[in-house]
Amino acid sequence: DPSAPGEPLTNAKQAADLARAMILDDAREHFAVVLLSAANKVLGWYETSIGGMGSTTVDPRVIFRAALLSGAVAMILVHNHPSGEARPSAADEDITRVLQSGAKILGYQILDHVIIGHGSEGHDSFLDAGRL
């Protein structure tokens, strides 16, 4: 079970499965971070925001504070698209770039940004698509 603390996450499907289990097909957009050790073991799940049906606000300070307090060295960004379409939006691309810049300065690694669609088995991985 990749959602169990101390278990490693090794691919985007595991991160998507974890996100799907935690977000539970809500009709609102959720943004969270999976906090990881140097061995990619799950240290925790931290939901940073819940928005409306089309967007949510992502505050980098909230994400990096959670990483600092958990002792994480890496993270996977995850969020859902209640519309059902897992393809990233321009805003998703933008926040990923902002978070990558902050992570680099603070010494964290963002291993992936995984988007899940509402009520769907599909997901999109920035890493798998070569966007990260």
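The values are calculated or read from the model by the stated rules, or taken from the named source; none is laboratory data. Since this is a predicted model, take the numbers as computed values, not measurements. Please note: Cβ atoms are built from the backbone with ideal geometry, for glycine as well, and neighbour counts cover all protein chains shown. Ligands, DNA and RNA are excluded from the accessible area calculation, which covers all protein heavy atoms including side chains. Shrake-Rupley method; radii C 1.70, N 1.55, O 1.52, S 1.80 Å.
Structure data summary
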item	result
Average Cα contact separation per residue, the range 25-132, under 8 Å, 6 or more apart, as relative contact order %	27 percent
Per-pair calculated FRET efficiency, R0 = 25 Å: residue 94 and residue 65 via Cβ, rounded to 0.05	0.75
Residue 13/residue 132 FRET efficiency (R0 22 Å; Cβ-Cβ; nearest 0.05)	0.90
Residue 87/residue 39 FRET efficiency (R0 25 Å; Cβ-Cβ; nearest 0.05)	0.20
Accessible surface, the chain, averaged per residue in Å² (probe 1.4 Å)	50 Å²
Percent accessible area from carbon and sulfur atoms, the chain, protein chains only, probe 1.4 Å	54 percent
